[in-house]
Amino acid sequence: MVFDSGFDWLGTDNDQHEGDRIVMPFAGAHFGWGHAWSAHWTGERNPPTVPVSGPVFDGSSTGVVFYDASQFPPEWRGVWFMNDYERKTMFSYRPRWDGALMQPEGGAWQSFVAAGRALFRPTDMEVGPDGALWVLSWGKLYNRPQKLVRGLLGQANELEGRVFRIAWKNAPPLNWRTPKRERPHDRWSFAELAEDLGSHLPAWRVDAQEELLRRGPAVKADLLRLLETPELPLARETWALWTLGRMDEPLAFHREASLNRRIQTLRILGERARPLPDSVAEALRDPEPRIRFAAVQAIRQAREAGALEPLKSLASTEADRVTYYSAWGALRDLAGTDALRAMLKDPRDGVRRAALLALADLGQISPDDATALIADPATTEIAALWLARRSGNPFITFEPQPGEFEREVTVFITPGIKPSAIRYTLDGSAPTAQSPLFPESTSIVLRSTSTLKATLFVENKPIGDPAEAVYTKRTGEPAAPVLLVPRVPPTTVEQSLAALKSGQPERGRAIFTAASCANCHRAGGQGRQYGPDLSSIGERNDPEHLIRSILEPNAAITEGFALLSVSTRDGKIYSGILREETDMHLTLGLVAGQPVRVEKALIVQRESQHLSAMPPFGGILSPEQIADIVAWLLARKPATP
């Protein structure tokens, strides 16, 4: 992760199950994995976690930089560049603000460098002093275990790493080897140091700032005059303000100042001013959500307990998701358990909701508390979610794929258990805010001809598994049945490679389902994501690698997909892939594809094994069937965000 010219952060985050994501870190933010009680990967409709800064995607996100130098064309300045190792691509992310949350312009990012099957496997990258992007690229060794073994034995290897330089051929001349760089910083003029405060290299900004701090009061007046310069570049303004802040120069919050100056002033006050001036609490009423967010962060950073009433007032009206999240987080840190419990009876809906989120985060909610709070419309969703996460499966989301089927989804409910609320979307319509309660029954049927996504809350007992959805009314003619016949001896890699030239993708799709691949893998709009997502596997691997993965799954295990073995006090042993983890539970995807949730307090042993959950398929698939599957997988193309 890195910061931009205004000290806002973005980071890339890999995941083996639900796609890679872009996150915007800030103090107190939690993005789901390992959460105290509600792990969630995107934060969508999950108030205990922060929403991600863009759509999740299939790939392997690696390095990220922010670029704002004149050595790229204007349309490629003020943007983030992100590498994707598996897709051999570099993306550009043009930021826009959705309230206090950074998002990509247009809800997506663009391909900046796409090298296809060339030796461009980008990992880390940096902006060089010449204004070019310098990109590291992995070689051919990755995912080739036989070569890795030879390397460990000291034998010859075929590692072909690269360093790429990406530059604009029409870039204006940049002579970065200027005379001042031949002199020590203590011999630079103020103008020379101020120039570097806006440099495209963070290291140069740091060096300039440290020298200005060394000079201290002698340059304060110069820095204040610099801030009055018309159209001062954003980076220079940011670093000049923080230089003054580190000198403990009293900075006033002025509503007429630039947005960046107001945000940085609030951040500096939160970092260094004790007590905070009244202007910080007043900024909680600012019409700009980024200002309100910065003010909340300042109060939290300063641990200003005297600002509880303004924070509660903000929580009662705040509509911006990230600002509200930060507000209840500040109340959690500053109010204390007794005060938060009193807030559960506050007449303002937003305050009661904030108090429940804070208490749940602190582990200060009991099942009786949550059950009582379901009756309060302001806290129904949070209380039901807490009960569901605590007790297991009573909170279930169904996401059947669109097209190909009309769907009748039946949710089976344990007799005697009454659903407390159900929220759902049909055919892509907006979710109901609060639907009527269903009567006590043994099942609920929801019908849709397109997409159905339903979330069901019940009071306390498990109600089944999403696998119990029933699909009916297939459109078109049924596919020919797929026969899986035991093979002795098993199919070999060489036989499968020879059959590949006649592989038929449509047959491969049917075999993918018949061989139960879809129980664990997702590809072509079907299947689950217990194993690696194969939606863009054709872009990432060659046919031989795919064939070996099917026949020899233990030879090269994708990181994050090795078996985890868990033993419990009652003598049970579970082996599967780690799907989710909170402070209270962990969820494993078992070999057969079903999930199991284990209470951490019951675990006596936990061991990672270098074994794949996937069995070798050479004993039941013929060379032709493997060739068909590989032909279908090679045709998969990812949906670019």
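Before moving on, here are some points about what is shown:
- Spatial extent of the range 295-343: Rg and Dmax, with the Cα atoms as the point set, Å: 9.8, 27
- The string of couplings for the range 379-385 from the Karplus curve (6.51, -1.76, 1.60, θ = phi - 60°) is 10, 3, 4, 5, 5, 5, 5 Hz, one whole number per residue in order, with x for Gly and Pro.
- Residues whose amide H comes within less than 5 Å of that of V79, counting only those at least five positions distant or on another chain, are Y67 (H built at 1.01 Å from N in the peptide plane).
- Distant alpha-carbon pairs in the range 347-392 (separation over 15 angstrom), percent: 33 percent
- P(r) for the range 239-310, from all Cα pairs and a bin width of 5 Å, is 3, 19, 33, 26, 15, 4, 0 %, short bins first.
- Exposure rank, largest accessible area first [E160, E182, E231; 1.4 Å]: E231, E182, E160
- A cut-off of 5 Å between modelled amide H atoms, ignoring neighbours fewer than 5 places along the same chain, links R487 with I620.
- Close amide H partners of G139, meaning residues 5 or more places away or on another chain with modelled amide H under 5 Å apart, are E160, G161.
- Over the range 321-370 - Rg/Rh using Cα atoms and the Kirkwood inverse-distance radius: 0.94
- Computed over the Cα atoms of the range 150-288, the ratio of the radius of gyration to the Kirkwood radius (Rg/Rh) comes to 1.17.
- Counting only residues at least eight positions apart within a chain, or on another chain, the aspartates and glutamates with an alpha carbon under 18 Å from that of K572 are E599, E607.
- Per-residue packing, averaged as other Cβ atoms within 10 Å, sorts the ranges 602-610, 219-227 into the order 219-227, 602-610, beginning with the highest.
- Alpha carbon convex hull of the range 208-267, projected area averaged over orientations, nm²: 3.9 nm²
- Quarter of Cα convex hull surface for the range 42-93, i.e. mean projection, nm²: 4.7 nm²
- The C-alpha atoms of the range 564-628 occupy a region whose extents along the principal axes are 48, 20, 18 Å, arranged from largest to smallest.
- Highest-first packing order for the peptide set 232-240, 244-252, 280-288 is 232-240, 280-288, 244-252, based on the mean count of other beta carbon atoms within 10 Å.
- What the phi angles of the range 201-214 give under the Karplus curve with 6.51, -1.76 and 1.60, with θ = phi - 60°, is a coupling list of 10, x, 4, 5, 5, 4, 4, 5, 5, 4, 5, 5, 5, 4 Hz, glycine and proline written as x.
- Length-normalised contact order of the range 266-390 in % [C-alpha pairs under 8 Å, at least 6 apart]: 18 percent
- Distance histogram for the range 4-100 (every C-alpha pair counted, 5 angstrom bins, percent rounded to whole numbers): 2, 12, 21, 22, 19, 14, 6, 2, 1, 0
- Karplus-derived 3J(HN,Hα) values for the range 322-338, using 6.51 cos²θ - 1.76 cosθ + 1.60 with θ = phi - 60°, are 6, 5, 5, 4, 5, 5, 5, x, 5, 4, 4, 6, 10, 7, x, 4, 5 Hz; glycine and proline are entered as x.
- Across the range 1-46, Cα-Cα pairs farther apart than 12 Å form 67% of the total.
- Projected area, mean over directions - the range 204-358, Cα convex hull, nm²: 9.8 nm²
The values are calculated or read from the model by the stated rules, or taken from the named source; none is laboratory data. Worth saying up front: this structure is predicted, and the values here are computed from it rather than measured. Because the Cβ atoms are built from the backbone with ideal geometry, glycine has one as well, and the counts that use them run over all protein chains shown. These accessible areas exclude ligands, DNA and RNA; they are computed on the full protein's heavy atoms, side chains included. Shrake-Rupley method; radii C 1.70, N 1.55, O 1.52, S 1.80 Å.
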